[in-house]
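The values are calculated or read from the model by the stated rules, or taken from the named source; none is laboratory data. Keep in mind it's a predicted model, so treat the numbers as computed, not measured. Counting neighbours? That spans all protein chains shown, and the Cβs are built from the backbone with ideal geometry, glycine included. We work out accessible area using only protein heavy atoms, side chains counted, and drop any ligands, DNA or RNA first. Shrake-Rupley method; radii C 1.70, N 1.55, O 1.52, S 1.80 Å.
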Amino acid sequence: MLKKSLPLKEWDGIMTAMILATIVVVLAGNSAVAADEFVYPIDIAVGPEGQLFIADLKLPGLWHIQNDSTSVVLRGEKKYGTPLNAIRCVTVDQTGTVFVGDSATREIYRCDEQWQLDPLTNGTIGIPLDVIAAGEDLFAVDAENQTIWRVFKDGSDPQSIGKIDGIRSLAEGAEGQLICLTTRGKPIRSLSFSGEMKEIDCGIEFEFPIQIVKKQEKYIVLDTYAVKIWELDLNLQNSQAPRELLSGNPLKKPVSLAVFGNDLLVVDAELKSIFRLSQSGEIQKITNSF
């Protein structure tokens, strides 16, 4: 029995449909994110049980890593002005509560146990570059107006405690004090909760420092342009010279630090990876197992 041939126009229609279907499948595949694949990790925080929380700017959302499990616990929409569309920072307080900063909605959010978001500032903080828990409160960097804000966990109006040009990051200092990192002028400043500010000579000129964290009695500074990590002794009575902990390879674009026991965790946005830097200076890319 002879098979009837289809007219050329019908073949053209079938081929066009097949090509379009293939394009849709490819685009859908490219837009998907693997279960453990970062898109643009921008900040990291460590919980009290060693769990990791990674803010991913271009996911957009928040990753959770613990033991052998990696999951997205918060995912924003890819629509500007919606919560977490531009997630910038994450921190965890002493109780294990997670807080995230989002510039799309100008907000710091508290995350409850079901990962519901509770806004704390009524849209006060334009571009929250960094947020830390210190004492009973939170403190946030607002890059939009170069302000350091005291943020209250009960949702009371946030309090501006100081302005620093080029402010990038905060760390907890002595009681009632913050250590501030800026890209302009003297890079290290102390700032009291009441707003008293003092410049600190750290003995080094950075290229573009973007984050500072406290590790025991020392402070660790990440210089993203220089691709260097420095250890600073800010003891004004008997300070030691700065110590370079890492320079260059294997890092490409380090953007965030966190203390992990005696080690440091480093987020590299270009490599879409987390590295672990030991006290002895050994660095390795880590998997989901800690």
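For Lys163, what accessible area in Å² do you get when you roll a 1.4 Å probe over the heavy atoms of the protein chains, rounding to the nearest 10?
It works out to around 130 Å².
Just to make sure I understand: if all protein chains stay in place, what is the order of Val131, Val73 by accessible area at 1.4 Å, largest first?
Sorted by accessible area, descending: Val73, Val131.
Setting aside same-chain residues fewer than 8 positions from Lys228, which lysines have a Cα under 19 Å from its Cα?
Those lysines meeting the cut-off are Lys186, Lys214, Lys215, Lys218, Lys252, Lys253, Lys272, Lys285.
Which cross-chain or sequence-distant (5 or more) residues have an amide H under 5 Å from the amide H of Ser256, H modelled 1.01 Å from N in plane?
When sequence neighbours closer than 5 places are left aside, the close amide H contacts are Val267.
Hey, can you rank 87-100, 146-159 by average C-beta count inside 10 Å, highest first? List each step's numbers first, then the result.
Details: 87-100: 20.6, 146-159: 16.9.
So the order, starting with the most tightly packed, is 87-100, 146-159.
Hey, any idea what the orientation-averaged projected area of the convex hull of segment 210-262's Cα atoms comes to, in nm²?
Working: hull surface 15.6 nm².
Dividing the Cα hull surface by four gives the mean projection, 3.9 nm².
Roughly to the nearest percent, how much of the accessible area of segment 87-241 is carbon and sulfur, given a 1.4 Å probe? All intermediate terms of the calculation are to be shown ahead of the outcome.
Details: 2810 of 6970 Å².
It is 40 percent, rounded to a whole number.
Cα convex hull of segment 55-161: mean projected area in nm², to one decimal?
Details: hull surface 26.3 nm².
Averaged projected area of segment 55-161's Cα convex hull equals 6.6 nm².
Keeping all protein chains in place, calculate the accessible area per residue for segment 142-290 (probe 1.4 angstrom), answer in Å².
Numbers: 7420 Å² over 149 residues.
Each residue of segment 142-290 exposes 50 Å² on average to a 1.4 Å probe.
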